[in-house]
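Taking it in order: structure first as structure tokens, then the write-up.
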Amino acid sequence: MEVEVKAKKAKEAARKMAVIDTDTKNRALINMAEALLENTDKILKANEKDVLEAERRNLKASLVDRLKLDEKRIKAMAEGLKEVASLKDPVGDIEEMWIRPNGLQIGKMRVPIGVIGMIYESRPNVTADAAGLCLKAGNAVILRGGSDAINSNIAIASILAEAAYKSGIPEGAIQLIENTDREEVNRMMKLNGLIDLIIPRGGASLIKNVIENSTVPVIETGVGNCHIFVDESANFEMAKDIIVNAKVQRPGVCNAVETVLVHKGIAEKFLPVMVKELSSHGVEIRGCELTKRICPDVKEATEEDWATEYLDLILAVKVVENIDEALEHISKYFTGHSESIVTENYTNAMRFLKSVDSAAVYVNASTRFTDGGEFGFGAEIGISTQKMHARGPMGLKELTTYKYVILGSGQIRK
């Protein structure tokens, strides 16, 4: 079985990766970036096959956009690898050190997790991001992308692996599962002892499947039913610009806004402005009863709309009585990803920050900033929506764990 064979190679490589020096890792990352640029035509030809197949299957435009590569996106992938090379290596850091009364020195050292399994959909850039971040953090990685991007992923992974191995990285540290049979994913999720952690990155159904069926530890990522609450004191122009950016810039990503809540006190004035602007960008609005009364042309929202991650140019809109109702709505339907308030009221801003239990909570800014690069982490491997180990954009530190190191001078316990 392909996944078992590659997992065994990854386990062997991980032992060697744990002690690879930073200079070797950085040199490999730079060479991997250059290899992507040098092989741009090869990657684009492979990607063209995937895009043509996606269009033949009538995938919606936002999903095709996630799949499609061009020279600019390949350059961004390469720049991401170079940026990771420039980041501080967390492996070996002693985060804390203290001395016990008996003279023992106890420290907390950052170490690689080991073998990381990435299960993801659509975006071929994840192949480069995951390989680069896992490498820098001293891990081996097994990549399992979606069947819709298989040609792109094979091209990218082979280019990255070849460049890495020529730079001194042990063979088996970067591997792609080329078999698109879903049974390979099921096998991957049961490889305790070979794979140390699985990170699913994709739609709700993928993440749900991994969480419910994996016996290997999982970090839950990605599903983003994100909200923006426009408070009564909000600056209208600011609110409009934030909402348009959060919905329109890249609607098919997990940090795009899916529901806008508008304070009843400004709904009559603000909603027509917002709806007109969003409609000019091709956004379909699905509104509550009061939203429809103010803007008759919008579609009627259903209960399902409040819980939906559209990943498309569709937006649910609800008028709420006050911040209390906004917080209650968010608490009921959110996925723990990113929420924002637009307000000039300091008390409401602070209350929103403290009350909303998401990985990223904003005041007067677009939810689109929930991203490892935007947070200064370099490329990210995913957005964790859980609370244990890692939360929010997962950069290098989140791809390591720690162990205690104890320095003694002959102490024995009495």
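Coordinate-derived values only; no laboratory data. Just so it is clear, the model here is predicted, and its values are computed rather than measured. Cβ coordinates were reconstructed from backbone atoms using ideal geometry, including for glycine residues, and neighbour counts include every protein chain displayed.
If you add up the charges near Ala28, with Lys and Arg at +1 and Asp and Glu at -1, over every other residue whose beta carbon is less than 10 angstrom from its beta carbon, what do you get?
Working: positive: Lys25, Arg27, Lys136, Lys166; negative: Asp23.
Here the charged neighbours net out to +3.
Quick one: Asp312, Asp305, fewest Cβ neighbours within 10 Å first, how do they rank?
By the 10 Å Cβ count, ascending: Asp312, Asp305.
Cα centroid separation, region 340-360 to region 261-292: 21 Å.
Each label was represented as a point 7 Å from its Cα along the Cα-to-Cβ direction; for Glu321 and Gln249 these points are 3.5 nm apart. Rounded to the nearest 500, the helix-only mean residue ellipticity at 222 nm of the chain stands at -13500 deg cm²/dmol, with each DSSP H run of n ≥ 4 adding -39,500 (n - 2.57). The loop-placed chymotrypsin sites (Phe, Trp or Tyr not before Pro) in region 370-414, going by DSSP, that have at most 16 neighbouring Cβ atoms within 10 Å of their Cβ come out as Phe375. Reported to the nearest whole Å, the Cα centre-to-centre distance from region 46-98 to region 6-40 is 16. Projecting the Cα atoms of Ile285, Ala256, Thr308 onto the charge dipole of region 218-320, computed from C-beta unit charges around the Cα centre, puts Ile285 farthest toward the positive end.
In a simple Cβ point-charge model (Lys, Arg +1; Asp, Glu -1; nothing else charged), the chain has a dipole of about 1420 debye relative to its Cα centre.
Where both bridge residues fall in region 221-347, DSSP classifies roughly 0% of the beta bridges as antiparallel. For the chain, the calculated P(r) over all alpha carbon pairs, in 10 Å bins from 0 to the bin holding the longest distance, is 5, 21, 28, 23, 15, 7, 2, 0, 0 percent. Computed from the Cβ-Cβ distance with R0 of 35 Å, the FRET efficiency linking Leu52 to Arg27 stands at 0.45. Once both labels are modelled 7 Å past Cα along the beta-carbon direction, what's the Ala76-Glu237 spacing in nm? Once both label points are built, they end up 2.8 nm from each other. Across the chain, the mean sequence separation of Cα contacts (distance under 8 Å, 6 or more residues apart), normalised by length, yields a relative contact order of 19 percent.
Where is the GNM fluctuation largest for the chain (alpha-carbon springs, 10 angstrom cutoff): Leu353, Leu59, Leu313? Result: Leu59 has the largest fluctuation of those listed. Exposure proxy ranking for Thr343, Thr215, based on other Cβ atoms within 10 angstrom of each Cβ and starting from the fewest, stands as Thr215, Thr343. For the chain, a Gaussian network of Cα nodes joined below 10 Å ranks Ser366, Ser152, Ser62 by mean-square fluctuation, and the top entry is Ser62.
As a proxy for reagent exposure, ranking His329, His263, His227 by other Cβ atoms within 10 Å from fewest up yields His329, His263, His227. Take the convex hull of the alpha carbons in region 226-369; its mean projected area over all directions comes to 7.0 nm². Label sites at Glu212 and Lys354, each approximated as a point 7 angstrom past Cα along Cα to Cβ, lie 3.8 nm apart.
Only Lys, Arg, Asp and Glu count, each charged at its Cβ (+1, +1, -1, -1), so figure out the dipole size of region 226-369 about its Cα centre, rounded to 20 debye.
For region 226-369, the charge dipole is close to 280 debye.
In the chain, the longest principal axis of the Cα atoms and the axis of helix 22-38 are about 60 degrees apart.
When each of the peptides 92-100, 78-86 is scored by how many other beta carbons lie within 10 Å of its residues on average, the order from highest to lowest is 78-86, 92-100. Note on Asp41/Ala61: beta-carbon distance plugged into 1/(1 + (r/R0)^6) with R0 of 25 Å gives a FRET efficiency of 0.50.
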